[in-house]
Amino acid sequence: MIPAASVPLIDAFGRRITYVRMSVTDRCDLRCRYCMAEAMTFLPRSAVLSLEEIAAIADAFIARGVRRIRLTGGEPLVRRGLPDLARMIGRHLSSGALDELTLTTNGVRLAELAQPLADAGIRRINVSLDSRDAERFRHVTRWGDVAKVLDGIAVAKAAGLQIKINMVALKGINDDEIEPMLRWCAAEGHDLTLIETMPLGAIDEDRTDRYLPLDGVRRRLEDRYTLVPLLERTGGPARYARVVELDARIGFITPLTGNFCAGCNRVRLTAEGKLYMCLGQEDHVDLRAVLREGGPDALDAALDRAMAAKPFGHDFAIERRAPAVARHMSVTGG
Ligand code: SAM
Ligand code: SF4
């Protein structure tokens, strides 16, 4: 008999799951307007998985053929001991069981943490940066200091990390900054990914006011530059293109104007151990309960249950105005 641990994770639609996003905290040191309300209630600390529990869940996934893990949040860099967790998971990089360990961050604490994370085996990070203008950045994040983020990005680059900038396209806020951001990224050697706002979780404003469809953004860029579509897909929602004149790479994440569910290869773990099989649906398996009641050996069967329950896809629609799901992106992990 083949041991369960060597059986790959395949869902009911024949999709193989090789990528897991793990939220290490739901807390954040910023309050981006499209992501969170200003007053947020965060999880009590006892509800949050310990670093050891997160590492045990990562081990179970890796044993079942997961090749890439992304640490996210909330803001992962506010979780104390994050470099320790990166080292615990990172040991699978040296053994060859894991291809990549990455991180999505707002960059505020990167200056102090980039080197320890690089030492743990992280090679690529995504940094969210919706504006390089100090005032606009402060407006979008409610109190963030863009200088800290830019400094963090510089330190991360010096530590040898490859950087992708995530920019949420916001009508009337940063639409005029998309092209300058692309040119800056090209000059710095960073990739740029543009993201459409997704209807996740209640915020203090109406997202439809800021929703900027990326098909129009792309057409405007194509008036000035040659965008050659790149075939590479990550199994996620991003589509990439090479910007010939700038020798740069740009990605478009279009959950609302382009559907990508058929090729989905991922699941997401929340900071409290709920495994969501789809960002846009409520189905989940409580891995914290499984782990605390049955120990690491019980995880395998729970992963099989999760595979059987993975829905085909989301049904986001910006017109609905109410959030498609009540969970904030910071809970499920962006
Ligand atoms: N705090 C980290 C950061 O900002 O990069 C990691 C978590 S954050 C939830 C991950 C990504 O999700 C960020 O790039 C953020 O801009 C994006 N995001 C958050 N809420 C979103 C929403 N409602 N629609 C689209 N993107 C969103
Ligand atoms: Fe925090 Fe990231 Fe959400 Fe901004 S997008 S509030 S940085 S979790």
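Under 19 Å from a point placed 7 Å out from the Cα of Glu205 along the Cα-to-Cβ direction: which residues of region 22-36 have their backbone N that close?
30-36
Calculate for the chain the 222 nm mean residue ellipticity that helices alone would give, adding -39,500 (n - 2.57) per DSSP H run of length 4 or more and normalising by residue count, nearest 500 deg cm²/dmol.
Helix-only estimate at 222 nm: -9000 deg cm²/dmol.
I need the peptides 210-222, 59-71 ranked by packing, meaning the mean over residues of other C-beta atoms within 10 angstrom, with the highest value on top.
Packing proxy ranking, top to bottom: 59-71, 210-222.
Considering only protein heavy atoms, what per residue accessible area in square angstrom results for region 19-332 with a 1.4 angstrom probe?
So region 19-332 comes to 41 Å² accessible per residue, rounded to a whole number.
Decide, for region 139-253, between rounded, prolate and oblate: order the square roots of the alpha carbon gyration tensor eigenvalues as a ≥ b ≥ c, take rounded if a/c falls under 1.5, and otherwise choose prolate if a/b is larger than b/c, else oblate.
Oblate, because a/c is 1.5 or more while a/b does not exceed b/c.
Once you compute Rg and the Kirkwood Rh from C-alpha atoms, what is the Rg to Rh ratio for region 1-57?
Across region 1-57, the Cα-based Rg/Rh ratio is 1.14.
For Thr102, which sequence-distant residues (separation of 5 or more, or a different chain) have an amide H within less than 5 Å of its own amide H, given hydrogens modelled in the peptide plane?
For Thr102, whose amide H was placed from the backbone, the distant partners under 5 Å are Ile69, Arg70, Leu71.
Are there any GluC sites (Glu not before Pro) in region 22-86 that are in a DSSP loop and have at most 14 other Cβ atoms within 10 Å? List them by number.
Of the GluC sites (Glu not before Pro), the ones in loops of region 22-86 whose Cβ has at most 14 other Cβ atoms within 10 Å are Glu38.
May I ask you to list the aspartates and glutamates whose Cα is less than 13 Å away from that of Lys310, ignoring any residue fewer than eight positions away on the same chain?
Leaving aside aspartates and glutamates fewer than 8 places away in the same chain, those within reach of Lys310 are Asp11, Glu282, Asp283.
Could you tell me which trypsin sites (Lys or Arg not before Pro) in region 75-105 are loop residues by DSSP with no more than 14 other beta carbons within 10 angstrom of their beta carbon?
Answer in residue order: Arg80.
Going highest first, how would you order 184-197, 21-34 by mean Cβ packing within 10 Å?
21-34, 184-197
To the nearest 0.05, what FRET efficiency results for Arg142 and Ser95 with a Förster distance of 41 Å applied to their C-beta separation?
Efficiency, rounded to the nearest 0.05: 0.45.
Which aspartates and glutamates, if any, have their Cα less than 17 Å from the Cα of Lys171, not counting same-chain residues under 8 positions apart?
Those aspartates and glutamates meeting the cut-off are Asp130, Asp133, Glu135, Glu179, Glu196, Asp204, Glu205, Asp206, Asp209, Asp215, Glu319.
Once neighbouring chains are kept in place and the probe is 1.4 Å, which whole percent of the accessible area of the chain is contributed by carbon and sulfur?
52
The values are calculated or read from the model by the stated rules, or taken from the named source; none is laboratory data. From a predicted model like this one, the values you see are computed outputs, not experimental measurements. Every residue, glycine as well, gets a Cβ built from its backbone with ideal geometry; the counts of neighbours run over all protein chains shown. These area figures cover heavy atoms from the full protein model, side chains too; ligands, DNA and RNA do not enter into them. Shrake-Rupley method; radii C 1.70, N 1.55, O 1.52, S 1.80 Å.
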